[in-house]
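Student: Dropping the structure in here first, questions after.
The values are calculated or read from the model by the stated rules, or taken from the named source; none is laboratory data. Owing to the predicted nature of the structure, the values given are computational and were not obtained by experimental measurement. When we count neighbours, we look across all protein chains shown, and the Cβ atoms used for this are built from the backbone with ideal geometry, even at glycine.
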Amino acid sequence: MKVTIYIALIAFVLALRVNAQNYIGLYKDEIISLMDETQRDFRLNAGVINKAYNYLKYEDKVNEQTLLFFLDEDDCCTYVRLMSDYANLRDVLDSLNSNYSRHSEDKWTYRDQGKTYTVSLKKEEWFFTVSTKKEEK
């Protein structure tokens, strides 16, 4: 049991680092390379194919978190979504509040290279999602 909790905490910390890295604007091959280099606890799940969306799907080793990188027709990342178990909610909220400007109960913003990004948290029945996208003007 202690090993499982320890592994889950490591995966969570790594997922927060993934969220801190701005992948929006990067191309598919850049994301794959960066994830391979820096996020060894996440693995690419290339077995899932959805013809309606172009995306990369990464899962952590304990299956508590999933990262989706949504790509446009040129394979450029347009937004990122982290789906996570509720066991991680408090830590994710603490991280969001300390790293971004909070605008409401479930929305934060940050600036990177002159662009503003919106981070939204949505609570679902069995999990929650954190979505990051470039703010529309």
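Student: Only one residue in LYS122, LYS133 is touching a residue at least 12 places away in the same chain (Cβ under 8 Å), assigned to a strand (DSSP E or B) and either of a type in the set (A, V, I, L, M) or loosely packed, with under 13 Cβ neighbours inside 10 Å (or both), so which one is that?
Tutor: Selected residue: LYS122, the only one of LYS122, LYS133 that is touching a residue at least 12 places away in the same chain (Cβ under 8 Å), assigned to a strand (DSSP E or B) and either of a type in the set (A, V, I, L, M) or loosely packed, with under 13 Cβ neighbours inside 10 Å (or both).
Student: Those residues that are crowded, with 17+ Cβ neighbours inside 10 Å and of a type in the set (S, T, N, Q), I need them from region 28-53; list them, please.
Tutor: Correct list: GLN39 only.
Student: Sticking with this one: Can you tell me how many residues within region 90-108 are loosely packed, with under 15 Cβ neighbours inside 10 Å and touching a strand residue (DSSP E or B) at 6+ places or on another chain (Cβ under 9 Å)?
Tutor: Qualifying residue count, region 90-108: 7.
Student: Are any residues in region 1-46 at pLDDT 90 or above, among the aliphatic types (A, V, I, L, M) and not in a helix (DSSP H, G or I), and if so, which ones?
Tutor: Within region 1-46, ILE24, LEU26, LEU44 qualify.
Student: Continuing with the same structure: Just name the residue that is nearest to ARG40 (Cα to Cα) out of those in region 91-122 that are among the basic types (Lys, Arg) and modelled with pLDDT of 95 or more.
Tutor: Ranking the qualifying residues of region 91-122, first place goes to LYS122.
Student: Among the residues of region 54-78, what is the count of those that are outside any strand (DSSP E or B) and crowded, with 18+ Cβ neighbours inside 10 Å?
Tutor: The total comes to 1.
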